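Undergrad: I'd like to ask some things about the structure below.
The values are calculated or read from the model by the stated rules, or taken from the named source; none is laboratory data. All figures in this text were calculated on a predicted structure; none of them were measured in a lab. Using ideal geometry, Cβ is built from the backbone for each residue, glycine included, and neighbour counts are taken over all protein chains shown.
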Amino acid sequence: MNYLAHLHLGGQTSAQLLGSLYGDFVKGLLPGRFPADIEDAIRLHRRIDAFTDAHPLIKQAVARFPTERRRYAGIVIDVFFDHCLARDWARYSDMPLQAFTQKVYRVLAHEPALPERLAMIAPRMAAQDWLGSYVDFDSVGEALAGISRRLSRPEGLAGAMQELRGLYQPLSKDFREFYPQLQAFAVGEQPTQV
């Protein structure tokens with residue numbers, strides 16, 4: 001899952017939203033590095049990633065890609081599934097997508113101690129509405145282009161958008177089957193609030 005899905009699944013408090021994003025920017029052991037509620041959200045992010053990577057529907061989605069793309073198919077699917085979530089947002093959330101994304105951007109803007117790389121991209125994320133832009137399929141290509149610049153082998157994502165166009169319907173079906181299962185998993189994995 002990519003940013004939007006992690007934020008949607010990770011809980012609605014400021015600490016949960018931060019930890020849901022931190023999971024992509026913080027590596028290694030956690031105890032004591034952040035407040036406990038942020039660390040809980042980072043751990044949930046990691047469990048969501050493990051659940052997703054091991055799930056048969058994700059393995060099926062990866063297998064839809066040509067053999068030479070499969071090493072990078074997980075990245076492509078993560079970003080495409082954020083598109084599916086944004087496109088079908090009202091099916092999964094009572095809060096309108098724009099209200100949700102604005103809440104996330106406010107939380108980020110008011111946090112003075114974001115992890116270094118997140119601190120660098122958070123202003124652009126808000127200014128360019130990265131989360132809300134996933135509604136538009138073309139934003140998937142823009143996100144993949146940005147990711148490819150950070151890969152040691154950027155050619156691994158070359159041509160992915162053309163493949164996604166051909167796989168749009170079957171991958172959308174995979175998302176609709178998978179996401180409710182992931183939601184149920186995430187709810188069961190969240191720490192109880194005291």
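Undergrad: Would you check which residues across segment 126-172 are surrounded by fewer than 17 Cβ atoms within 10 Å (Cβ to Cβ), at pLDDT below 90, closer than 30 Å to Ala109 by Cα and not charged (D, E, K, R) and list them?
TA: Ala145, Gly146, Leu151
Undergrad: Yes or no: Leu57 out of contact with any strand residue (DSSP E or B) (no Cβ under 7 Å at 6 or more places or on another chain), assigned to a helix (DSSP H, G or I), buried (at least 22 other Cβ atoms within 10 Å of the Cβ) and at pLDDT 90 or above? Even if it seems obvious, please write down each step before you answer.
TA: Details: out of contact with any strand residue (DSSP E or B) (no Cβ under 7 Å at 6 or more places or on another chain): yes; assigned to a helix (DSSP H, G or I): yes; buried (at least 22 other Cβ atoms within 10 Å of the Cβ): no; at pLDDT 90 or above: yes.
No.
Undergrad: Go through segment 43-63 and count every residue that is without any contact (Cβ under 8 Å) to a residue 60 or more places away in the chain and under 20 Å from Gly159 (Cα atoms).
TA: First, the residues of segment 43-63 that are without any contact (Cβ under 8 Å) to a residue 60 or more places away in the chain: 43, 45-46, 49-50, 53-54, 56, 59, 62-63.
This time we only want the ones that are under 20 Å from Gly159 (Cα atoms), so: 62-63.
Matching residues across segment 43-63 total 2.
Undergrad: Looking at segment 1-13, is at least one residue part of a loop (DSSP other than H, G, I, E, B), within 17 Å of the chain's Cα centre (by Cα), closer than 30 Å to Gln162 by Cβ and modelled with pLDDT of 90 or more?
TA: Checking segment 1-13: not a single residue is part of a loop (DSSP other than H, G, I, E, B), within 17 Å of the chain's Cα centre (by Cα), closer than 30 Å to Gln162 by Cβ and modelled with pLDDT of 90 or more.
Undergrad: If you don't mind, there's one more thing I want to ask. Counting only residues that are hydrophobic (A, V, I, L, M, F, W, C) and surrounded by fewer than 20 Cβ atoms within 10 Å (Cβ to Cβ), which one in segment 27-54 is nearest to Leu118 (Cα to Cα)?
TA: Restricting to residues being hydrophobic (A, V, I, L, M, F, W, C) and surrounded by fewer than 20 Cβ atoms within 10 Å (Cβ to Cβ), the top hit is Phe34.
Undergrad: Report, ordered by the first and then the second residue, all pairs with beta carbons closer than 8 Å, sequence separation of six or more or different chains, a first member in segment 87-98 that is farther than 16 Å from Trp130 by Cα, and a second member that is in a loop (DSSP other than H, G, I, E, B).
TA: Correct list of pairs: Ala90/Pro96.
Undergrad: Under 7 Å by Cβ, and 6 or more places apart or on different chains, what pairs join a residue from segment 64-75 that is under 14 Å from Val140 (Cβ atoms) with one that is of a type in the set (Phe, Trp, Tyr) and not in a helix (DSSP H, G or I)?
TA: Cβ pairs passing all conditions: Ala73/Phe65.
Undergrad: On to the next question. Would you say Ala73 is modelled with pLDDT of 95 or more, crowded, with 17+ Cβ neighbours inside 10 Å and either β-branched (Val, Ile, Thr) or under 17 Å from the mean Cα position of the chain (by Cα) (or both)? So that I can check it myself, show each step before the final result.
TA: Details: modelled with pLDDT of 95 or more: no; crowded, with 17+ Cβ neighbours inside 10 Å: yes; either β-branched (Val, Ile, Thr) or under 17 Å from the mean Cα position of the chain (by Cα) (or both): yes.
So Ala73 does not fit the description; no.
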